[in-house]
Each structure stands twice: as C-alpha cells, then as structure tokens.
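These notes concern the structure reproduced below.
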Amino acid sequence: MTFGDSLPFMRCVAMTQRKRPSSTQSSSQRRHTGNLVAQDEDDDATFTQPSTSQVQRGLEKLTPAQVDQKTAEVVQYFLVKDQKKMPVRRADLVKHVVKDYRNIYPEILKRAARTFDQVFGLKLVEIDPKNKMYILVNNLETPDKASPVRSPSNPKMGLLLAILSVIFMKGGVVRENLIWNTLRKLRVDPGEKHEEFGDVRKMVTDEFVRQRYLEYVRIPHTEPIEHEFRWGQRADAEVSKAKILEFMGELHEQDPKTWTQQYRQAHSLPNSSQASTSSSSQR
Amino acid sequence: MASRSSSSTAAGGSDSPQKPTKTKRTRRKRRKARAVGDMSRQMGESHRRFLQTMMVSGVIDEQAAKALYQYCCETHHTQYAPDKLEDFIDTINSRLQPMFMQIRKGMSENNGLQYYALVNMAETDITRMSSDYADNELELFRKTLDLIVCSENGKASSTDILNSTDSMTTRKMKKSETEHLLSRLVHDKWLSEKRGEYTLSTRCIIEMEPYIRTMYQDHIKVCHICRNIAFQCQICENPTCGIKIHNPCVARYFKGKSEPRCPSCDDFWPHEIPGICCLFSNAVSGHIRPPVVRDSQTLVHI
C-alpha cells in the first residue's frame, strides 16, 4: 500500500477534524516569506481592549438590534475570510467591520463566537495572543459513518496532511529537503509545474504558511540557505495527531503505541481526547 | 429583520409616542409568538452538520438533501421524520437570517430536479462572489449575465463573451484571461458550459434570482407553469401570446397529452416535448430526444 493510496482517507480526516485549542502556543511569527499584509499592524497597536465597565456603558447606548446587526457583520466577515483559510486579524476586524462599535468589541466577539458555536458548529480560536489573530475550527465530532454527500475533493489537503504527518513522525521539525523528497515520492515534483497544484513550492512555502498550516523558517548559518518545516498554528488547532498516528499504524500494520514519543505527544495534551461525545463547547 | 420605525398616526392612535396602538400591540404579540415558536425548534448538532455540508458543497440535489438530513439526524441521535426536511431547514434558516444567509430551493432548468443551495441574501449586488473575483472579473461576469438574460435561449456563446471584453470599463481582459475566468466560474458553480455555450448554473439562478429580477425587470422571462424565472425555455409562437415554459415544465405539463396546446392561448404547441425520462438523462447526453411516453414508475434518477 503506497502512501499515495491513503490520500483520500487523509482528505476525509483533514475535512472533519475537531481538536480543542492547544494550551501551548507554538513559537511566535517567524515568517520567512512574510508577505502577510502588514499595513494594519499599527492600527492594532493603538487599539486598547475596552474595560468591562466601558463595554457595559457602550451597550447601554445601543439597541439590541444594532448589536445583533454588528455581530452578524462580524460573523459574515469571518466566514468569508475563513473560506480562504486566512486568519483574521483583530486590527482588520476592528478597522473594517466593528468600526464605531469598537468600545463594545469584546461583547461583539463573544456573541459572534456564540453564533459560530450554536449555528455553525465552529469554534473561534485565537491562534496568536500576541498579534491577536483568529481562525475558525470545526467543532463537530468526526462521525463513524461517512456522509452520503461527497464533498468536493480537496487534493491540497491530502498533500498537506502527508507533509504534516512526516513532520510529526520526525519529531516536529524537519529540514526542507526531506519534505521535497517526500513529495517527489508522491509524484509531486516541487521543481516542476504540477497539473493540479501548479507551483508546488509556492503552495507549500507560501500558501500553506499564510494559512498557518505550516511554518517555514530559515536555518541560521546554512550555506546555501536551508529552511525547516514545522506545524503551524492552524494545524495545531485543526489536525489530530492521534488520528495521524492511528493512520500510520494502519499503514505500517503496527500499534500506534510503538511510536512512544509520538504517542505521548498525541495524547498528552489536556483536551486531546477524540472519543469525547460531549458537544458542549468551552468558551 | 429591520426594526420598523414607529408611526404616530396608526389607526385609532393618538399622537402620543408612548402608548402603542392596538394594532401595533397585536402585531408585536404575534411576532413574539412566532419567535417563541421558532425557538422551540432549536438548532442541534444535526442542523449544524447539515449546514456545514451545505457550506462545503454549495448546492445539492433534493435526493442528496434527504439522505443528508437522515444521516445528520442519525449521527446525532436526533428524532428523524422523513417528511420534515422543510421544517428542519426552516430551523436552520431562522438562525441564518441575521447573517443574510439562507438555504433556498430551486429547479434545474436542465433536468427538472429540485436543488438546495446555501445563498447570500444581501441585497447589495454580487457580494457573495466578490471575495473570490477581481473587479474586472466581476464586470465580465455581469456582461455574461446580460448576454444570457437578454438571449432567447438563455445561453451565451464563448465568442460573444470574448467580444464583450471590448467594452469593459475596468482593466481589460485578454482572451486567455477570459477563458481562464470562464473555467473558474464553471468550477465555482456559477456557470455551466456545454459545447462552447454558457448558461447560468442552478445554484446561480437560486442565489441571484432576486438580484436578476431587480436588475433586469424588463428583460426577464417567467415560466407560465411554475412562475419562477426562466432562462432556457420554450416560447409560444403566437405573437399575441408569447408565454414561456421551462423545458422540464413542458415535459411535465404536456406529459401524456396527444396534442400539446398552449395553456394560455390554446394554439398548437409546436416545439419538441422532452420526455420525462430523457429529461433526467439530459445532464449526461445534452440532447432533448423525440417524445417518449413512459409511466412515472420508470423515472430515471441521476
């Protein structure tokens, strides 16, 4: 059974993962190809979180309908951004959507999170407390039976999951050459234009990084310049290490526990239990 | 949705803004009762799973929707009543309404099947698409929309679309860019393509019907049978009549009738009547074959 055969399974796994947010934050932004929009960063520096009493006062001056309307706009904004898997920056949110309601921002965000949970089964996760960035993560359990509706296949996710698996199995950080070799084995050559993925190197080092699935960081003192790959914050929040290990077990016909380090990693986090059937979300 | 401004001259009311009139009080009571009724049909995990699937798929046919509804209920151990799909979707829609989103139903002009689509109801123009497409791409889409709406057969040829780039006001598109855009629009399920001709996809029609009705009021065709907007349809040839009927609606209306007559002016209906079974295979073959009369037991589902 080749690695490639497992891609459809990996697609399913990628689509329906739920994982509660990790309590440990991965290292802060060390974006190498940092071409993320930076113009609004100053705005965020000037945005101070209003106090509870300020929020209370602000709410008194507005009608419930006005607050609901603004909440709905925030929800819409998130959904649009999340389509592209791009994290939402607080600065952008305040500048483009919240605007004059910034004095009740915490309340708006709280209500939006409630809407995501109750209506969409999504969890609003802060992936970067320093830079205030948010993503939406699936909060529904992975069902035992497959859905009768076949979702449009997402080959990128399959490839991404292959990369994440390699990184995880290798202890959490790998030199880039290992990833390129892995892809070549999957008949995806980073040096050539791929039929499905186009510029593979760009997809892996730019798109996946901007979406926070991967981190791509320069290794100092390397000549020629070399980089290493790690899991990104979105991967930490969305992808289950336990599931990857389970899959590896099937692939190699081994008990997942034989990889003791990885097993410990996958099951050590406080809320890592995937078998929980409770659907209430912590807020 | 929008809060109604209070009028001080309602029937029997004084000018005092403090005390609402009797009619306003009853209205408010009814609204509250309805809201409570909505609340009793709470969103559960089964609804959320259904919605998530709709968000990923965009549009699904009725059969798939029914299967999905059952699957969602069974997965989350929710009570399942096969004939309550509409109620189930209503529950979801009541919570989606504040975000200007809805799950709406519409008929495919090709195979006559009903489809469900998750749509953006915001009244501003093509906002749903606007995050994915550049300004000039949206302009070209609008031009394609013009061509399709104003055409008799509900189609726009790739040649005509390419020619329309000449009159663009935003940054002009090269031929290759236009072709790439068209294939993206097909991939994203806004347009359908067959033999170099483009039509509006079912999802597009469901989503854009209100917008199209507003923007093209004088040009749109409406099906005489189902009263929905019509692009690909047959037209009565009587110059004083000229009613339009969707191809699937023609098939259903004239089924079993030996001599098809216009339901409005009674003139002989001169067009080929698609057979019901042939209609469903339309998506595959792309032809409307000569009429074949079959009983409903042999309806073919795709």
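The values are calculated or read from the model by the stated rules, or taken from the named source; none is laboratory data. Keep in mind that this is a model prediction, so the values were computed, not measured. With ideal geometry, Cβ positions are generated from the backbone for all residues, glycine too; neighbour counts draw on all protein chains shown. We work out accessible area using only protein heavy atoms, side chains counted, and drop any ligands, DNA or RNA first. Shrake-Rupley method; radii C 1.70, N 1.55, O 1.52, S 1.80 Å.
Condition check ((1) open to solvent by 60 Å² or more (accessible area, probe 1.4 Å); (2) within 14 Å of another protein chain (Cβ to nearest Cβ); (3) of a type in the set (S, T, N, Q)) across all residues:
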residue: B:Gln63; (1), (2), (3): yes, yes, yes
residue: B:Tyr80; (1), (2), (3): yes, yes, no
residue: B:Glu86; (1), (2), (3): yes, no, no
residue: B:Ser94; (1), (2), (3): no, yes, yes
residue: B:Met107; (1), (2), (3): no, no, no
residue: B:Asn110; (1), (2), (3): no, no, yes
residue: B:Ala117; (1), (2), (3): no, yes, no
residue: B:Asp132; (1), (2), (3): no, yes, no
residue: B:Phe141; (1), (2), (3): no, no, no
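Taking the criterion of being within 14 Å of chain B (Cβ to nearest Cβ) and either touching an Asp or Glu at 6+ places or on another chain (Cβ under 7 Å) or acidic (Asp, Glu) (or both), the residues of the stretch A:85-120 that qualify are A:Asp92, A:Val97, A:Asp117.
In the stretch A:220-232, which residues are touching a residue at least 60 places away in the same chain (Cβ under 8 Å) and hydrophobic (A, V, I, L, M, F, W, C)?
Step one: filter the stretch A:220-232 for residues touching a residue at least 60 places away in the same chain (Cβ under 8 Å), giving A:227, A:229-232.
Once the filter is applied, which keeps residues that are touching a residue at least 60 places away in the same chain (Cβ under 8 Å) and hydrophobic (A, V, I, L, M, F, W, C), the stretch A:220-232 yields A:Phe229, A:Trp231.
Hey, can you tell me all the residues within the stretch A:47-78 that are part of a helix (DSSP H, G or I), within 14 Å of chain B (Cβ to nearest Cβ) and of a type in the set (Val, Ile, Thr)?
To start, the set of residues in the stretch A:47-78 that are part of a helix (DSSP H, G or I) comprises A:52-60, A:64-78.
Checking which are within 14 Å of chain B (Cβ to nearest Cβ) leaves us with A:64-78.
Of everything in the stretch A:47-78, those that are part of a helix (DSSP H, G or I), within 14 Å of chain B (Cβ to nearest Cβ) and of a type in the set (Val, Ile, Thr) turn out to be A:Val67, A:Thr71, A:Val74, A:Val75.
Taken over the stretch A:22-66, the residue count meeting the criterion of being touching an Asp or Glu at 6+ places or on another chain (Cβ under 7 Å) and either of a type in the set (A, V, I, L, M) or at pLDDT 90 or above (or both) is 2. Taken together, the criteria place A:Lys81 among residues that are free of Cβ contacts under 8 Å to residues at least 12 places away in the same chain, among the charged types (D, E, K, R), assigned to a helix (DSSP H, G or I) and within 12 Å of another protein chain (Cβ to nearest Cβ).
So, A:Ile135, is that one modelled with pLDDT under 90 and in a strand (DSSP E or B) or not? Considered against the rule, which asks whether it is modelled with pLDDT under 90 and in a strand (DSSP E or B), A:Ile135 comes out as no.
Residues are listed down the side, and each one gets a yes or a no for (1) open to solvent by less than 20 Å² (accessible area, probe 1.4 Å); (2) touching a residue at least 24 places away in the same chain (Cβ under 8 Å):
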{"position": "A:Ser147", "(1), (2)": "no, no"}
{"position": "A:Val174", "(1), (2)": "yes, yes"}
{"position": "A:Lys193", "(1), (2)": "no, no"}
{"position": "A:Phe208", "(1), (2)": "yes, yes"}
{"position": "A:Arg212", "(1), (2)": "yes, yes"}
{"position": "A:Arg218", "(1), (2)": "no, yes"}
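Annotation: A:Ala235 fulfils all but one of (1) free of Cβ contacts under 8 Å to residues at least 12 places away in the same chain; (2) crowded, with 22+ Cβ neighbours inside 10 Å; the unmet one is (1).
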